[in-house]
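Worksheet: one structure, shown below.
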Amino acid sequence: MKRGELRKLSDSARRKVSRNFGFRQSGYINWIVNDGYFFCLQHLGFASVYLNVKPMYADDLWWDIFNLSENKKCPTSLRGIGAFSIHAAQLKEYAFLDECAEETNEEELSEKWQNIFCLAVPDIEDFLRNHPNVDAFIPNKNCNYDADKLLYFITLLHNGRKNEVVQAIKELKVKGHSCQFYDWASGMDSYDFILKWCENSRI
């Protein structure tokens, strides 16, 4: 089976199975909102599926910083697949298909997706038990999935810790670190926009 055909077959199986668990599907993600958190199963390649999470407010504040508040009216899936959504925290990685995946069929794919969701749901429940207050959630700042620590800084801003963010960003800039996002028109990166927002805000 060609990889393109396998992708279509897998996506179809994923959509059918995900409905039984209350997830919605958009492109390469399945997502669900629970207790103020956006949980997302990300399926970019065949080897692994990643369970990610972020507070719903994270993108709202992120878009406010960039004067893109109109994005809040877009479909919720934008928070998972949008080019200008903030990186979520990675909770789990699940093995999906091995190198012999071309030999699989729809029934086997459905079973594999059933197993993935059966793993993800209790992992989400465990996370919610450990982090019941979405406003108090602070991700690990020393993660390897977000080199710019943007979700970490956004959660600090949400908790009124603006001075910590400003100090940390200034230290990173002194070390020569710049964000992946760079606005050529203004000559500013994400850190510059955050600093500007902090100067103008009253948090």
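Each value in this text was obtained by applying a stated rule to the coordinates, not by laboratory testing. Predicted model only: the values in this text are computed from it and were never measured. Neighbour counts run over all protein chains shown; Cβ positions are idealised from the backbone, glycine included.
Based only on the alpha carbon positions, what is the Kirkwood hydrodynamic radius of the range 89-203, in angstrom? Display every interim value, and only then the final one.
Values: mean 1/r = 0.0572 Å⁻¹.
Kirkwood hydrodynamic radius for the range 89-203: 17.5 Å.
Select from the chain the helices, each a whole stretch of DSSP H, whose alpha-carbon atoms run 27 Å or more along the helix axis and whose Kyte-Doolittle mean is at least -1.0; answer none if there are none.
The qualifying helices are 106-130.
What length, rounded to one decimal in nm, is gained on full extension from N133 through to H177, with 0.36 nm per residue of separation minus their alpha-carbon distance?
On the way: separation 44, 0.36 × 44 = 15.84 nm, distance 3.18 nm.
Contour length minus Cα-Cα distance gives 12.7 nm.
What distance in nm separates the simple spin-label points at E108 and S12, each placed 7 Å from Cα in the Cβ direction?
With each label placed 7 Å out from Cα toward Cβ, I get 1.7 nm.
Compute the Cα gyration tensor for the range 1-104, then decide on rounded, prolate or oblate, letting a ≥ b ≥ c be the square roots of its eigenvalues: rounded whenever a/c is under 1.5, prolate when a/b is larger than b/c in the other cases, and oblate in all that remain.
Details: a/c = 2.22, a/b = 2.15, b/c = 1.03.
Prolate, because a/c is 1.5 or more and a/b exceeds b/c.
Taking the Cβ of each residue in W197, W62 as the centre, tally the other Cβ atoms inside 10 Å and list the residues starting with the fewest. Present the calculation step by step, with values, prior to reporting the outcome.
Numbers: W197 18, W62 24.
Going from sparsest to densest Cβ surroundings: W197, W62.
Could you grab the Rg to Rh ratio for the range 18-76? Cα atoms only, Kirkwood for Rh. Each step should come with its number before you reach the end.
Numbers: Rg = 12.9 Å, Rh = 12.7 Å.
Expressed as Rg/Rh, it is 1.02.
Mean residue ellipticity at 222 nm from the helices of the chain, using -39,500 (n - 2.57) per DSSP H segment of n ≥ 4 over the full residue count, to the nearest 500 deg cm²/dmol? Don't skip to the answer; put the middle values down first.
Details: 7 runs with 89 residues, N = 203.
Here the helix-only value at 222 nm equals -14000 deg cm²/dmol.
Scale the Cα Rg of the range 150-200 by the rule-of-thumb value 2.2 N^0.38 Å and send over the ratio, two decimals.
Values: Rg = 10.7 Å, N = 51, 2.2 N^0.38 = 9.8 Å.
So the Cα radius of gyration is 1.09 times the expected 2.2 N^0.38 Å.
Counting other beta carbons within 10 Å of each residue's own, what order do D189, D98 fall into, fewest first? Working shown, then result.
On the way: D189 17, D98 10.
Arranged by neighbour count, lowest to highest, D189, D98 become D98, D189.
Within a 10 angstrom radius of the beta carbon, how do K149, K92, K72, K2 rank from fewest other beta carbons to most?
Numbers: K149 22, K92 17, K72 13, K2 8.
Listing K149, K92, K72, K2 from fewest to most nearby Cβ atoms yields K2, K72, K92, K149.
Suppose the chain between T76 and L61 were pulled fully straight at 0.36 nm per residue; how much longer would it get relative to their current alpha carbon spacing? Show your work: numbers first, answer last.
Working: separation 15, 0.36 × 15 = 5.40 nm, distance 1.48 nm.
Full extension of this stretch gives 3.9 nm more.
Kirkwood Rh over Cα pairs of the chain into Stokes-Einstein at 37 °C, 0.692 mPa s: D in µm²/s? Before the final figure, lay out each step's value.
On the way: Rh = 18.4 Å.
So the translational diffusion coefficient is about 178 µm²/s.
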